[in-house]
Amino acid sequence: MTIRIKFSLVGLPLVFAVCLFIFLGTLYFQKRQALSALESKIQVMGDLAAYNLSFALPANNPRDVQEVIESLRQNQDLAYVVILDKSGNIIGQYRKALADQLNYRSIGDNALSDDKSILKGKSVIHRQDQTLGELYLGLTLDSLRLARETVRRNLLLIILIIFLLGAAAIFIGGSFITTPLRRMTRTAREIADGDLSRRAVVSGSDEVGQLGRSFNAMIDHVQASYRQMEATKQSLEKRVKERTKELQSEIGDRRKAEQALQDANMKLQLSVEQLEQRNAEFKLLNELYNSLQTCTSEKEIFTVCAQYAKRLFPEFEGIFFVYRTSRKLLEPAVVWGESIAGFDVMEPDECWALRQGKPHVVEKRNAGLICPHMENNDQLFQPYLCIPLVTPDEIIGLLNLRCTPSFVSAGLSLAEIGQYRSIDFTQQLALNFAGRIAMTLVNMDLRERLHQQSIRDPLTALFNRRFMEETLDKEISRAMRSGQPMGIIMMDIDYLKRFNDTYGHEAGDMMLRALGNFLQQNVRKGDIACRFGGDEFVLIMPGASAMIAKDRAELLVKDVQTIKLTYFDKGLSGISASFGVAVFPGHGNSAAVLIKAADTALLLAKKKGRSQVVMAGD
């Protein structure tokens with residue numbers, strides 16, 4: 001499965017989900033708005049008719065009552081109208097066929113009829129604070145359904161256009177990303193088939209471009225070695241022919257010539273075997289590169305690298321070290337080999353490769369500087385290589401390769417252990433191996449940092465508004481499914497403008513950074529602190545009831561005043577803030593409604609004197 005297909009398999013369902021969400025959400029809100037408009041309409045009609053009837057009922061004039069009914073019948077959506085006097089007697093009515101059996105008096109929390117076809121309304125007829133009777137109205141929902149069907153058709157067309165545009169964007173974006181990689185893969189396959197004249201097309205200075213240039217340089221080196229071996233082979237063959245002619249005239253030297261010929265053939269065979277091994281190692285490095293591109297975590301990268309290290313360096317066992325966050329210690333990321341199963345952390349000064357910033361090789365106990373982490377007193381000494389994992393900016397780790405005890409016990413040197421590899425070539429192969437790993441780790445770290453930058457506010461390091469909106473929708477959906485409450489706290493810094501005017505905007509930014517750090521350290525595990533914009537912050541509290549959310553806000557009101565600020569060795573006045581609290585589902589069932597409720601409560605807290613908490617609805 002290609003990267004483009006994977007990209008499409010991820011992107012298309014996402015585009016479809018967004019389109020479906022827009023479609024269903026728009027229908028839902030359109031229905032709510034239309035129903036609300038119809039409720040307002042029936043209320044206005046009822047109040048106007050009740051006002052007219054307040055003059056007709058005292059005069060006991062049936063004609064005036066009938067005129068009011070006739071005026072209401074002008075509305076095509078009218079299903080029924082029933083007028084009762086204060087004793088409950090019907091003094092006038094009109095009903096369509098569909099409203100004959102309808103109980104017009106049953107108006108509770110839900111103004112709709114049982115079959116959802118009629119919206120019911122009631123108005124009291126009174127005059128001069130005296131109740132004269134009651135007016136019951138019913139409107140059909142036919143026009144509402146017709147309008148909703150029209151909106152559904154138009155919305156389906158718009159959603160289809162959006163989906164097609166999104167699919168086209170995904171296809172074009174996938175092609176743009178995968179085209180350089182597919183070219184390089186095709187070139188690598190042709191080279192693997194034996195065409196050493198092929199080179200990767202390099203068209204940029206990004207990571208792919210750098211990989212292509214490194215790839216071409218490696219192929220140039222392999223091709224030069226191959227040409228040199230061909231020249232050596234031709235030279236040896238020429239010498240063998242000349243020597244053979246001489247042997248025809250010098251029978252006495254036949255044995256010596258035969259021996260020389262055998263030696264030359266052995267060297268040639270050795271060269272061929274070395275070339276075959278180089279090709280095999282080159283293919284393994286290509287396989288390693290392809291495997292690393294599919295890794296999604298540092299753990300996967302080192303697991304894959306350990307498997308390929310066993311194949312590239314079968315005579316070695318080893319460890320990948322990586323720096324901890326403090327960069328004071330290195331810890332093993334992956335270990336292969338039975339003799340080093342229990343290795344622990346090490347300090348950077350314990351390795352000469354890390355001190356010098358270049359590979360360090362020791363073949364014998366007394367043949368060079370032995371790294372402290374390789375000293376094992378009287379135990380069997382293992383020849384080793386230490387290769388730093390180097391990036392353009394820093395050293396991020398260490399590759400330690402050491403000969404297995406079985407090879408060391410046989411008394412073999414590094415050159416003999418390598419069989420067809422020289423020590424220099426083993427070191428170069430390890431450098432290429434470590435370089436690919438370092439590049440992959442840097443790329444993964446870069447992707448993670450870019451992701452964090454897209455969801456974090458650069459000044460306060462809190463989550464930004466876009467992340468808050470996405471998270472709030474998810475948490476509301478989760479709360480709906482689980483039946484749990486969710487709290488929202490909106491916070492606004494008091495008198496920030498006056499603070500900026502007094503001390504300057506740089507001091508104001510320092511205050512915002514201090515507040516962001518305060519919120520990160522004083523929220524519950526699982527709570528989400530976000531910067532809403534300007535001097536406003538939002539705290540999302542999954543599972544928090546109204547009492548818990550308000551108690552937390554009361555605690556924050558007090559704790560925020562303990563923040564100490566120092567600007568150019570001068571202590572600044574303390575921070576105070578006002579808080580508005582809203583809770584799902586009590587104050588709303590959508591993100592926009594909850595934010596509005598919390599913001600309204602926050603404005604009320606400021607009006608009451610600031611530095612306090614107000615619960616929505618209080």
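Normalised by the number of residues in the range 476-593, what is the relative contact order in percent for Cα pairs under 8 Å and 6+ residues apart?
Result for the range 476-593 is 40 percent.
Could you tell me whether the range 433-568 comes out rounded, prolate or oblate from its Cα gyration tensor? Rule is a ≥ b ≥ c as square roots of the eigenvalues, rounded for a/c under 1.5, then prolate if a/b exceeds b/c, otherwise oblate.
Oblate.
Just grab the label-to-label distance for ASP344 and PHE55, each label 7 Å out from Cα along the Cβ direction, in nm (one decimal).
9.9 nm
Find the relative contact order for the chain and round it to a whole percent, using C-alpha pairs within less than 8 Å whose residues are 6+ positions apart.
The value is 7 percent.
Which value, in Å², gives the accessible area per residue of the range 514-618 when a 1.4 Å probe is used on the protein heavy atoms?
I get 47 Å² per residue for the range 514-618.
Cα convex hull of the chain: how many Å³ per residue?
266 Å³
Please work out the C-alpha center-to-center distance from the range 295-339 to the range 502-536 and express it in whole Å.
40 Å
Sketch the reach of a paramagnetic label on GLN128 as a point 7 Å from Cα along Cα-to-Cβ, and name the residues of the range 21-59 whose backbone nitrogen lies under 17 Å away.
Output list for this probe position: 51-59.
Provide the gained length on full extension for the span GLU67 to LEU196, in nm with one decimal, where the gain is 0.36 nm per separating residue minus the Cα-Cα distance.
36.5 nm
For the pairs LYS328/LYS525; LYS564/LYS596; LYS328/LYS564; LYS474/LYS525; LYS283/LYS310, note any where the Cα-Cα span goes beyond 20 Å.
LYS328/LYS525; LYS564/LYS596; LYS328/LYS564
Return the ratio Rg/(2.2 N^0.38 Å) for the range 273-318, where Rg is computed over Cα atoms only.
Cα-based Rg divided by the globular estimate yields 1.24.
Could you calculate the FRET efficiency of GLN484 with VAL593 from 1/(1 + (r/R0)^6), where r is the beta carbon distance between them and R0 is 22 Å, rounded to 0.05?
According to the calculation, E is roughly 0.75.
If packing is taken as the average number of other Cβ atoms within 10 Å across a peptide's residues, how do 392-403, 497-508, 448-459 rank, most packed first?
Listed from highest to lowest mean packing, they are 392-403, 497-508, 448-459.
Which Cα, out of TYR567, LEU84, SER482, lies furthest along the positive dipole direction of the chain (beta carbon charges, K/R +1, D/E -1)?
About the Cα centre, the residue reaching furthest to the positive side is LEU84.
Shape verdict for the range 273-397, please, from the Cα gyration tensor: rounded (a/c under 1.5), prolate (a/b greater than b/c) or oblate.
Oblate shape, in that a/c is at least 1.5 and b/c is the bigger or equal ratio.
Using 0.36 nm per residue of separation minus the Cα-Cα distance, give me the extension gain between ASP509 and GLN223 in nm, one decimal.
Working it through step by step, the gained length comes to 97.1 nm.
Given points 7 Å out from each Cα along the Cα-Cβ axis, report the GLN33 to LYS558 separation in nanometres with one decimal.
Output for this residue pair reads 4.7 nm.
Report, to the nearest whole %, how much of the accessible area of the range 226-328 belongs to carbon and sulfur atoms, 1.4 Å probe, protein only.
The computed percentage sits at 49.
Using +1 on the beta carbon of Lys and Arg, -1 on that of Asp and Glu, and nothing else charged, what's the dipole of the range 464-565 about the Cα centre, debye to 20?
Using only the charged Cβ atoms, the result is roughly 340 debye.
So what is the accessible area of the range 1-62 per residue, in Å², with the probe set to 1.4 Å?
Spelled out: the 1.4 Å probe surface of the range 1-62, per residue, equals 67 Å².
Show me the trypsin sites (Lys or Arg not before Pro) within the range 564-618 that DSSP assigns to loop and that have at most 16 other Cβ atoms within 10 Å of their Cβ.
Here the trypsin sites (Lys or Arg not before Pro) that fit, given the DSSP loop and packing criteria, are LYS564, LYS608, ARG610.
With charges only on Cβ, +1 for K and R and -1 for D and E, what is the dipole size of the chain about its Cα centre, in debye, rounded to 20?
1040 debye
Students often check this: by mean Cβ neighbours within 10 Å, which of 28-37, 382-391 ranks highest, and how do the rest follow?
382-391, 28-37
Run the numbers on the range 477-539 and let me know its relative contact order in percent, using alpha-carbon pairs under 8 Å that are six or more apart.
40 percent.
The values are calculated or read from the model by the stated rules, or taken from the named source; none is laboratory data. Quantities reported herein were computed from a predicted structural model and do not represent experimental measurements. As a convention, Cβ positions derive from the backbone with ideal geometry for all residues, glycine included, and neighbour counts pool all protein chains shown. Protein only, heavy atoms only, side chains kept; ligands, DNA and RNA dropped before computing areas. Shrake-Rupley method; radii C 1.70, N 1.55, O 1.52, S 1.80 Å.
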